[in-house]
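Chemist: Before I ask anything, here is the structure I am working with.
The values are calculated or read from the model by the stated rules, or taken from the named source; none is laboratory data. Quick caveat: nothing in here was measured; it's all calculated off a predicted structure. Every residue, glycine among them, receives a Cβ derived from its backbone with ideal geometry; neighbour counts consider all protein chains shown. Just the protein is used for accessible areas: all its heavy atoms, side chains included, with ligands, DNA and RNA removed. Shrake-Rupley method; radii C 1.70, N 1.55, O 1.52, S 1.80 Å.
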Amino acid sequence: MADSLLRSQISSPCSTTALLSPVFVNSSSSSRVSGKPRGLGFSCNSFRQRYSRFAHLKAHAQEVAPEESQSKEPKWWERNAGPNMIDVHSTQEFLDALRDAGDRLVIVEFYGTWCASCRALFPKLCRTVQEHPEILFLKVNFDENKPMCKRLNVRVLPFFHFYRGADGQLESFSCSLAKFQKIKDAIAIHNTERCSIGPPVGVGDLNLLDTPGSQ
(Lines give C-alpha, C1' and ligand atoms only; values in the text may rest on other atoms or scores of the structure.)
Protein backbone atom coordinates (compact mmCIF):
# COMPACT_ATOMS: atom_id res chain seq x y z
CA MET A 1 0.00 0.00 0.00
CA ALA A 2 2.88 2.34 0.83
CA ASP A 3 4.45 1.61 -2.56
CA SER A 4 1.23 2.46 -4.42
CA LEU A 5 0.88 5.66 -2.40
CA LEU A 6 4.46 6.55 -3.27
CA ARG A 7 3.84 5.93 -6.96
CA SER A 8 0.73 8.14 -6.91
CA GLN A 9 2.70 10.91 -5.22
CA ILE A 10 5.57 10.68 -7.72
CA SER A 11 3.31 10.61 -10.79
CA SER A 12 1.04 13.44 -9.61
CA PRO A 13 1.06 16.81 -11.44
CA CYS A 14 2.86 18.38 -8.48
CA SER A 15 6.00 16.33 -9.03
CA THR A 16 9.41 17.66 -8.14
CA THR A 17 10.39 17.60 -11.84
CA ALA A 18 7.76 20.17 -12.67
CA LEU A 19 8.66 22.33 -9.70
CA LEU A 20 12.35 22.38 -10.60
CA SER A 21 11.70 23.64 -14.17
CA PRO A 22 10.84 27.36 -13.76
CA VAL A 23 9.56 29.36 -16.76
CA PHE A 24 11.28 32.69 -17.24
CA VAL A 25 9.60 35.59 -19.04
CA ASN A 26 11.33 36.86 -22.17
CA SER A 27 13.64 39.75 -21.35
CA SER A 28 11.95 41.87 -24.01
CA SER A 29 8.54 41.63 -22.34
CA SER A 30 7.25 44.70 -20.55
CA SER A 31 6.20 42.59 -17.57
CA ARG A 32 9.69 41.07 -17.12
CA VAL A 33 10.70 40.17 -13.61
CA SER A 34 14.47 39.87 -13.78
CA GLY A 35 15.89 36.51 -12.68
CA LYS A 36 12.66 35.33 -11.07
CA PRO A 37 10.45 32.45 -12.26
CA ARG A 38 6.87 33.30 -13.18
CA GLY A 39 3.71 31.26 -13.68
CA LEU A 40 4.57 28.41 -11.31
CA GLY A 41 1.62 28.84 -9.00
CA PHE A 42 3.57 27.39 -6.03
CA SER A 43 5.30 29.11 -3.17
CA CYS A 44 8.57 27.92 -1.66
CA ASN A 45 6.65 26.88 1.45
CA SER A 46 4.31 24.74 -0.67
CA PHE A 47 7.27 23.04 -2.34
CA ARG A 48 8.93 22.35 1.00
CA GLN A 49 5.72 20.88 2.43
CA ARG A 50 5.25 18.56 -0.57
CA TYR A 51 8.90 17.50 -0.57
CA SER A 52 8.77 16.81 3.17
CA ARG A 53 5.66 14.66 2.70
CA PHE A 54 7.33 12.74 -0.14
CA ALA A 55 10.43 12.09 1.98
CA HIS A 56 8.26 10.89 4.86
CA LEU A 57 6.38 8.46 2.61
CA LYS A 58 9.65 7.15 1.16
CA ALA A 59 11.07 6.53 4.63
CA HIS A 60 7.86 4.77 5.68
CA ALA A 61 7.99 2.51 2.60
CA GLN A 62 11.58 1.52 3.43
CA GLU A 63 10.48 0.56 6.95
CA VAL A 64 7.49 -1.46 5.74
CA ALA A 65 9.38 -3.36 3.00
CA PRO A 66 11.50 -5.51 5.38
CA GLU A 67 8.41 -6.32 7.46
CA GLU A 68 6.54 -7.46 4.34
CA SER A 69 9.45 -9.67 3.26
CA GLN A 70 9.66 -11.22 6.74
CA SER A 71 5.92 -11.97 6.73
CA LYS A 72 6.17 -14.11 3.59
CA GLU A 73 5.02 -17.63 4.25
CA PRO A 74 7.44 -20.48 3.52
CA LYS A 75 6.89 -22.55 0.40
CA TRP A 76 4.81 -25.70 0.86
CA TRP A 77 7.80 -28.07 0.86
CA GLU A 78 9.64 -25.92 3.44
CA ARG A 79 6.97 -26.45 6.09
CA ASN A 80 7.38 -29.07 8.78
CA ALA A 81 4.55 -30.48 10.85
CA GLY A 82 6.61 -31.05 13.98
CA PRO A 83 9.99 -32.01 15.47
CA ASN A 84 9.57 -35.56 14.15
CA MET A 85 9.63 -34.30 10.55
CA ILE A 86 13.13 -33.63 9.22
CA ASP A 87 14.48 -32.36 5.91
CA VAL A 88 17.36 -34.42 4.51
CA HIS A 89 19.83 -32.52 2.31
CA SER A 90 22.53 -35.12 1.65
CA THR A 91 23.26 -38.84 1.55
CA GLN A 92 25.22 -38.64 4.79
CA GLU A 93 22.34 -36.90 6.56
CA PHE A 94 20.02 -39.64 5.33
CA LEU A 95 22.26 -42.45 6.63
CA ASP A 96 22.84 -40.68 9.94
CA ALA A 97 19.09 -40.18 10.46
CA LEU A 98 18.39 -43.89 9.87
CA ARG A 99 21.17 -44.87 12.25
CA ASP A 100 20.14 -42.44 15.00
CA ALA A 101 16.47 -43.45 14.80
CA GLY A 102 17.21 -46.64 16.71
CA ASP A 103 14.12 -48.83 16.89
CA ARG A 104 11.67 -46.13 15.76
CA LEU A 105 9.70 -46.54 12.56
CA VAL A 106 11.12 -44.23 9.89
CA ILE A 107 9.01 -43.10 6.92
CA VAL A 108 10.91 -41.44 4.09
CA GLU A 109 9.07 -39.29 1.56
CA PHE A 110 10.83 -38.58 -1.74
CA TYR A 111 9.25 -35.52 -3.34
CA GLY A 112 9.78 -32.85 -5.98
CA THR A 113 9.02 -29.16 -5.54
CA TRP A 114 7.45 -29.21 -9.03
CA CYS A 115 5.36 -32.35 -8.34
CA ALA A 116 1.62 -31.57 -8.16
CA SER A 117 0.83 -34.94 -6.55
CA CYS A 118 3.46 -34.29 -3.85
CA ARG A 119 1.91 -30.92 -3.07
CA ALA A 120 -1.63 -32.30 -2.95
CA LEU A 121 -0.61 -35.10 -0.57
CA PHE A 122 1.55 -32.97 1.73
CA PRO A 123 -1.16 -31.48 4.03
CA LYS A 124 -2.52 -34.96 4.79
CA LEU A 125 0.98 -36.23 5.42
CA CYS A 126 1.53 -33.38 7.89
CA ARG A 127 -1.60 -34.40 9.81
CA THR A 128 -0.28 -37.96 9.97
CA VAL A 129 3.02 -36.63 11.32
CA GLN A 130 1.16 -34.86 14.13
CA GLU A 131 -0.93 -37.96 14.88
CA HIS A 132 2.21 -40.12 15.23
CA PRO A 133 4.92 -38.26 17.18
CA GLU A 134 6.64 -41.62 17.81
CA ILE A 135 7.40 -42.02 14.07
CA LEU A 136 10.30 -40.24 12.38
CA PHE A 137 9.42 -38.72 9.01
CA LEU A 138 12.24 -37.80 6.61
CA LYS A 139 11.70 -35.51 3.60
CA VAL A 140 14.10 -36.01 0.69
CA ASN A 141 14.10 -33.51 -2.17
CA PHE A 142 14.61 -35.55 -5.33
CA ASP A 143 16.36 -32.76 -7.27
CA GLU A 144 18.86 -32.17 -4.45
CA ASN A 145 19.67 -35.88 -4.06
CA LYS A 146 19.36 -37.42 -7.53
CA PRO A 147 22.30 -39.88 -7.29
CA MET A 148 21.04 -41.29 -4.00
CA CYS A 149 17.44 -41.48 -5.23
CA LYS A 150 18.51 -43.39 -8.32
CA ARG A 151 20.42 -45.89 -6.18
CA LEU A 152 17.28 -46.34 -4.07
CA ASN A 153 15.19 -46.97 -7.22
CA VAL A 154 13.03 -43.89 -6.78
CA ARG A 155 11.46 -43.56 -10.22
CA VAL A 156 8.10 -41.89 -9.49
CA LEU A 157 7.03 -39.18 -7.05
CA PRO A 158 5.86 -39.06 -4.37
CA PHE A 159 7.60 -42.24 -3.23
CA PHE A 160 7.83 -43.71 0.27
CA HIS A 161 10.27 -45.99 2.09
CA PHE A 162 9.64 -47.59 5.48
CA TYR A 163 12.59 -48.50 7.73
CA ARG A 164 12.84 -49.85 11.24
CA GLY A 165 15.86 -50.79 13.35
CA ALA A 166 17.51 -54.12 12.68
CA ASP A 167 14.80 -55.02 10.15
CA GLY A 168 16.09 -52.40 7.74
CA GLN A 169 13.84 -51.49 4.85
CA LEU A 170 10.36 -52.91 5.35
CA GLU A 171 8.64 -51.80 2.16
CA SER A 172 8.51 -49.10 -0.50
CA PHE A 173 5.78 -47.81 -2.79
CA SER A 174 4.47 -44.80 -4.66
CA CYS A 175 1.39 -43.09 -3.27
CA SER A 176 -0.96 -40.30 -4.30
CA LEU A 177 -3.57 -38.44 -2.28
CA ALA A 178 -6.31 -40.78 -3.55
CA LYS A 179 -4.36 -43.78 -2.25
CA PHE A 180 -3.21 -42.30 1.04
CA GLN A 181 -4.79 -45.24 2.87
CA LYS A 182 -1.75 -47.26 1.77
CA ILE A 183 0.40 -45.19 4.13
CA LYS A 184 -2.04 -45.62 7.01
CA ASP A 185 -2.17 -49.38 6.44
CA ALA A 186 1.62 -49.63 6.38
CA ILE A 187 1.84 -47.65 9.62
CA ALA A 188 -0.65 -50.01 11.27
CA ILE A 189 1.46 -53.01 10.24
CA HIS A 190 4.95 -51.70 11.03
CA ASN A 191 4.37 -49.39 14.00
CA THR A 192 3.70 -52.14 16.51
CA GLU A 193 5.66 -52.41 19.75
CA ARG A 194 8.82 -54.43 19.25
CA CYS A 195 12.46 -54.64 20.24
CA SER A 196 14.98 -55.19 17.49
CA ILE A 197 17.92 -57.45 18.17
CA GLY A 198 20.97 -55.66 16.86
CA PRO A 199 21.79 -52.18 15.59
CA PRO A 200 19.75 -50.35 12.92
CA VAL A 201 20.43 -51.76 9.46
CA GLY A 202 19.32 -48.73 7.42
CA VAL A 203 19.80 -49.39 3.69
CA GLY A 204 21.72 -52.60 4.38
CA ASP A 205 24.61 -53.45 2.05
CA LEU A 206 23.71 -50.75 -0.46
CA ASN A 207 26.61 -48.30 -0.63
CA LEU A 208 25.07 -44.90 -1.28
CA LEU A 209 28.24 -42.91 -0.61
CA ASP A 210 29.98 -44.21 -3.75
CA THR A 211 27.61 -42.22 -5.98
CA PRO A 212 29.08 -39.06 -7.57
CA GLY A 213 28.04 -35.89 -5.79
CA SER A 214 26.54 -37.72 -2.86
CA GLN A 215 28.29 -35.48 -0.39
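Chemist: If you add up the charges near residue 173, with Lys and Arg at +1 and Asp and Glu at -1, over every other residue whose beta carbon is less than 10 angstrom from its beta carbon, what do you get?
Modeler: Taking every Cβ under 10 Å from that of residue 173, the sum is +1.
Chemist: Additional query: How much net charge surrounds residue 105 when only other residues with a Cβ under 12 Å from its Cβ are counted (Lys, Arg +1; Asp, Glu -1)?
Modeler: With Lys, Arg at +1 and Asp, Glu at -1, the net is -2.
Chemist: Still on this model: Where Rh is the Kirkwood radius over the Cα pairs of region 79-215, the temperature 37 °C and the viscosity 0.692 mPa s, what D in µm²/s does Stokes-Einstein return?
Modeler: 218
Chemist: Find how much the distance from residue 99 to residue 155 grows on full extension, using 0.36 nm per residue of separation minus their present alpha carbon separation; answer in nm with one decimal.
Modeler: On the way: separation 56, 0.36 × 56 = 20.16 nm, distance 2.45 nm.
Gain in length upon complete extension: 17.7 nm.
Chemist: Given a cut-off of 23 Å, name the pairs among 139/182; 72/182; 124/179; 139/184; 146/179 whose C-alpha atoms lie farther apart than that in the structure shown.
Modeler: Exceeds cut-off: 72/182; 146/179.
Chemist: Right, another one. I'd like the carbon and sulfur percentage of the solvent accessible area for region 107-199, probe radius 1.4 Å, heavy atoms only, ligands and nucleic acids excluded.
Modeler: The nonpolar share, carbon plus sulfur, comes to 51 percent.
Chemist: Please list, short to long, the whole-number percent of alpha-carbon pairs of region 137-215 in consecutive 10 angstrom bins beginning at zero.
Modeler: Here the calculated profile for region 137-215 is 16, 44, 32, 8.
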